[in-house]
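A.B. asks: Here's a structure for you.
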Amino acid sequence: MDKTHTSNTWSLHSLIPENHPRKESLIIREKIVDGLLDGYVAPQGLIAHGRGECFDYLIGEKTQEFAIKAIKAGVASLLLAKNPVISVNGNMAALVPNEIVKLAELTNAKIEVNLFYRTIERERKIAEILKKAGAKEVLGVDEDASATIPELFSERRRVSPRGIYIADVVLLGLEDGDRTEALVKMGKKVIAIDLNPISRTSQKASITIVDNVIRAFPKMVEIAKELRNKSKEELEQIVKNYNNKEILAESLRFISNYLLQLSRDL
Ligand code: ATP
Ligand code: MG
């Protein structure tokens, strides 16, 4: 793609009016488009983003209580883990690079590039973005992605033998259902950030944060600062009291009630 040409044509930052009622949402879209033009967001990432926006409307574009509970259990799990890993794809690198690095520091997690549409060029660009944001080490780039997840085919199964392959807890966002299921089958605890509570990833994950990564990551950083001072027993209690089925049910009930309320307000 000819970047100079396309970025002039498609990058609309300067055209978003200050008082546009959906300015925030438009700016976020532009970040994803910039990531595509820079060659590290996959075209399919744009489609996924649109799907996410749709579900964000249904939860009022806010971090709701069911997400807060999942975030607390997720952060506690990362802090308790032996080998926690944050899995990063193009959309996440475009939206929350600084927060990924901060959360990894606070929870002692490794950062791994893990792409559904894997190319060396995209891997390297994402690693570069994360390093610019302060990451000391980024796994899953070039030959480092030499281990394979059983049951998956092609480039989709490649992971780092020092990262996701040996991880006991994996945090991921905008992940495909098949890959989430394969990681859970390997015995890993999977924390998923996914706006769609009925996606297969949301249904298969151990802890599902039904929220936008844009809001969930800064919130996880904030909660990690609080929880890292707690005792192991207190963290274990948070994890023990968490029930993902209940949280998913709570998110679906929220959406139903929210739509009902909107219909009454017409
Ligand atoms: P699945 O494979 O889990 O059945 P899918 O094929 O619809 O679901 P994928 O493309 O595999 O979805 O993964 C993308 C998921 O990420 C979607 O469920 C989408 O709603 C969600 N998503 C998109 N943008 C965001 C975002 N900014 N924050 C959180 N979730 C998002
Ligand atoms: Mg999918």
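A.B. asks: Which pairs do you get when a residue that is closer than 11 Å to K188 by Cβ, found in the stretch 166-177, comes within reach of a residue that is at pLDDT 95 or above and within 13 Å of ligand 2 (Cβ to nearest atom), reach meaning Cβ atoms under 7 angstrom, with the pair 6+ apart or on two chains?
C.D. replies: L172/A192
A.B. asks: Going by the structure shown, is E236 over 20 Å from A67 (Cβ atoms), more than 20 Å from the chain's Cα centre (by Cα) and touching a residue at least 24 places away in the same chain (Cβ under 8 Å)?
C.D. replies: Considered against the rule, which asks whether it is over 20 Å from A67 (Cβ atoms), more than 20 Å from the chain's Cα centre (by Cα) and touching a residue at least 24 places away in the same chain (Cβ under 8 Å), E236 comes out as yes.
A.B. asks: Inside the stretch 153-163, can you point out the residues that are within 16 Å of ligand 2 (Cβ to nearest atom) and hydrophobic (A, V, I, L, M, F, W, C)?
C.D. replies: Across the stretch 153-163, the qualifying residue is only F153.
A.B. asks: V221 versus (1) aliphatic (A, V, I, L, M); (2) surrounded by fewer than 19 Cβ atoms within 10 Å (Cβ to Cβ); (3) within 16 Å of ligand 1 (Cβ to nearest atom): which is the lone unmet condition?
C.D. replies: (2)
A.B. asks: Limited to the stretch 129-156, what total is found for residues that are at pLDDT below 90 and not polar (S, T, N, Q)?
C.D. replies: 6
A.B. asks: Step by step: first the residues of the stretch 199-215, then only those that are of a type in the set (S, T, Y) and more than 8 Å from ligand 1 (Cβ to nearest atom), then the one that is surrounded by the most Cβ atoms within 10 Å (Cβ to Cβ). Which residue is that?
C.D. replies: Checked the stretch 199-215; the qualifying residue surrounded by the most Cβ atoms within 10 Å (Cβ to Cβ) is T208.
A.B. asks: Show me the helices (runs of 4 or more DSSP H) found entirely inside the stretch 17-89 where at least 2 residues are within 16 Å of ligand 2 (Cβ to nearest atom).
C.D. replies: Result: 43-58.
A.B. asks: In the stretch 213-260, how many are over 30 Å from H49 (Cα atoms) and of a type in the set (S, T, Y)?
C.D. replies: Total meeting the criteria: 1.
A.B. asks: Output the number of the condition that Y258 fails; it satisfies all remaining conditions of (1) touching a residue at least 24 places away in the same chain (Cβ under 8 Å); (2) within 16 Å of ligand 1 (Cβ to nearest atom).
C.D. replies: Among (1) touching a residue at least 24 places away in the same chain (Cβ under 8 Å); (2) within 16 Å of ligand 1 (Cβ to nearest atom), the lone unmet condition for Y258 is (2).
A.B. asks: Taking T208 as meeting all but one of (1) in contact with a Ser or Thr (Cβ under 6 Å, 6 or more places away or on another chain); (2) among the β-branched types (V, I, T); (3) away from ligand 2 (no atom under 16 Å from the Cβ), write down the number of the exception.
C.D. replies: (3)
A.B. asks: Residues that are within 16 Å of ligand 2 (Cβ to nearest atom), touching a residue at least 60 places away in the same chain (Cβ under 8 Å) and within 20 Å of the chain's Cα centre (by Cα): does the stretch 132-152 have at least one? Spell out the reasoning first.
C.D. replies: Narrowing the stretch 132-152 to residues within 16 Å of ligand 2 (Cβ to nearest atom): 149, 151-152.
Cutting the leftovers down to touching a residue at least 60 places away in the same chain (Cβ under 8 Å) gives us none.
There is no residue in the stretch 132-152 that is within 16 Å of ligand 2 (Cβ to nearest atom), touching a residue at least 60 places away in the same chain (Cβ under 8 Å) and within 20 Å of the chain's Cα centre (by Cα).
A.B. asks: Return yes or no: is V41 within 16 Å of ligand 1 (Cβ to nearest atom), farther than 23 Å from N244 by Cβ, out of contact with any Leu (no Cβ under 7 Å at 6 or more places or on another chain) and without any contact (Cβ under 8 Å) to a residue 24 or more places away in the chain? Step through it out loud before you land on a result.
C.D. replies: Values: within 16 Å of ligand 1 (Cβ to nearest atom): yes; farther than 23 Å from N244 by Cβ: yes; out of contact with any Leu (no Cβ under 7 Å at 6 or more places or on another chain): yes; without any contact (Cβ under 8 Å) to a residue 24 or more places away in the chain: no.
In short, no.
A.B. asks: Return the total of residues in the stretch 182-198 being touching a Ser or Thr at 6+ places or on another chain (Cβ under 7 Å), within 8 Å of ligand 1 (Cβ to nearest atom) and either part of a helix (DSSP H, G or I) or within 15 Å of M220 (Cβ to Cβ) (or both).
C.D. replies: Summing the residues that are touching a Ser or Thr at 6+ places or on another chain (Cβ under 7 Å), within 8 Å of ligand 1 (Cβ to nearest atom) and either part of a helix (DSSP H, G or I) or within 15 Å of M220 (Cβ to Cβ) (or both) in the stretch 182-198 gives 1.
A.B. asks: Exactly one condition in (1) in a helix (DSSP H, G or I); (2) within 15 Å of ligand 1 (Cβ to nearest atom); (3) of a type outside the set (A, V, I, L, M) is not met by E175; state its number.
C.D. replies: All conditions pass for E175, except number (1).
A.B. asks: Within the stretch 164-205, how many residues turn out to be within 15 Å of ligand 2 (Cβ to nearest atom) and aromatic (F, W, Y)?
C.D. replies: Of the residues in the stretch 164-205, 0 are within 15 Å of ligand 2 (Cβ to nearest atom) and aromatic (F, W, Y).
A.B. asks: When the residues of the stretch 85-109 are filtered to those that are over 14 Å from the mean Cα position of the chain (by Cα) and either among the hydrophobic types (A, V, I, L, M, F, W, C) or crowded, with 23+ Cβ neighbours inside 10 Å (or both), which remaining residue is nearest to A145 (Cα to Cα)?
C.D. replies: Looking at residues that are over 14 Å from the mean Cα position of the chain (by Cα) and either among the hydrophobic types (A, V, I, L, M, F, W, C) or crowded, with 23+ Cβ neighbours inside 10 Å (or both), I get A109.
The values are calculated or read from the model by the stated rules, or taken from the named source; none is laboratory data. This one's a predicted model, so the numbers in the text were calculated from it and none came from an experiment. Methodologically, a virtual Cβ is constructed for each residue, glycine included, from the backbone with ideal geometry; neighbour enumeration extends over all protein chains shown.
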